[in-house]
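Structure first, commentary second.
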């Protein structure tokens, strides 16, 4: 059983170039493993890359699947999902995914609350953004269930957020620009996970867009 950054009480950062893609069991599909607990069926956070014309065999997500299409177009028998599409497939859902043109996904598996049964598909390119808690922030809410919250957040250049503590932790994928805090700078493509009750003082000098999930990690 693989154990990759599976201590959720420890801060984890993976920057571009820190890890390499590895082949999946199916030709044309590669994975960059960010965290993982288990074998082929696992609780996992992964960047998945589909070569043009590749497909994955039909399978069921017993613990649910959440993904954001980063590049290209992903598809299954339920629809076609271009870059910028956010999807939640609840526990027990199944599909046979493929990509005619190729695509890159940010995927989280087996991380649903068992009571969270809503399937969700959001085209973030056309969804409505809202003002954030401080000047310079705009927010696109994606999901809320119990203590868990998922959103896209845009930071204008020079934006500074107040220092704060994360009850239930925080996980970020930097999509554009450079996100920063007192611990370092995180360029586009960086994934970081901060444990429950961690604290930081985030800001950006250049501006950035991040995918952020909070309240989902064990105390």
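Every test in (1) assigned by TED's automatic domain parsing to the domain that holds residue 171; (2) surrounded by 14 or more Cβ atoms within 10 Å (Cβ to Cβ) is passed by residue 84 save one, and that test is (1).
The C-beta contact set for segment 102-113 (first residue at negative phi and free of Cβ contacts under 8 Å to residues at least 40 places away in the same chain, second residue part of a strand (DSSP E or B) and surrounded by fewer than 21 Cβ atoms within 10 Å (Cβ to Cβ), distance under 9 angstrom, 6+ apart or interchain) comprises 113/145; 113/148.
For residue 185, the conditions (1) part of a strand (DSSP E or B); (2) in contact (Cβ under 8 Å) with a residue 12 or more places away in the chain; (3) over 18 Å from residue 67 (Cβ atoms) all hold with the exception of (2).
Scanning segment 64-80 for residues that are outside any loop (DSSP other than H, G, I, E, B), surrounded by 18 or more Cβ atoms within 10 Å (Cβ to Cβ) and in contact (Cβ under 8 Å) with a residue 24 or more places away in the chain turns up 65, 66, 67, 68, 69, 70, 72, 74, 75.
Among the residues that make up segment 196-213, is at least one of them closer than 18 Å to residue 64 by Cβ, at pLDDT 95 or above and assigned to a strand (DSSP E or B)?
Yes: one or more hits.
Residues that are closer than 20 Å to residue 8 by Cβ and within 17 Å of the chain's Cα centre (by Cα) number at least 3 in the following strands (runs of 3 or more DSSP E) confined to segment 132-182: 148-155, 170-181.
Which of the residues that make up segment 94-115 are surrounded by 16 or more Cβ atoms within 10 Å (Cβ to Cβ), within 26 Å of residue 8 (Cα to Cα) and modelled with pLDDT under 95?
If the condition is that a residue be surrounded by 16 or more Cβ atoms within 10 Å (Cβ to Cβ), within 26 Å of residue 8 (Cα to Cα) and modelled with pLDDT under 95, then 109, 110, 111, 112 are the ones that fit.
Scanning for something assigned by TED's automatic domain parsing to the domain that holds residue 147, without any contact (Cβ under 8 Å) to a residue 40 or more places away in the chain and either surrounded by 16 or more Cβ atoms within 10 Å (Cβ to Cβ) or within 21 Å of residue 107 (Cβ to Cβ) (or both), does segment 201-208 turn up at least one residue? No, segment 201-208 contains no residue that is assigned by TED's automatic domain parsing to the domain that holds residue 147, without any contact (Cβ under 8 Å) to a residue 40 or more places away in the chain and either surrounded by 16 or more Cβ atoms within 10 Å (Cβ to Cβ) or within 21 Å of residue 107 (Cβ to Cβ) (or both). Highlighted here are the strands (runs of 3 or more DSSP E) found entirely within segment 1-63 that include at least 2 residues which are under 24 Å from residue 172 (Cα atoms) and free of Cβ contacts under 8 Å to residues at least 24 places away in the same chain: 29-38.
The values are calculated or read from the model by the stated rules, or taken from the named source; none is laboratory data. Just so it is clear, the structure is predicted and the values come from calculations on it, not from any experiment. Don't worry about glycine lacking a Cβ; one is built from the backbone with ideal geometry, like all the others, and counts go over all protein chains shown.
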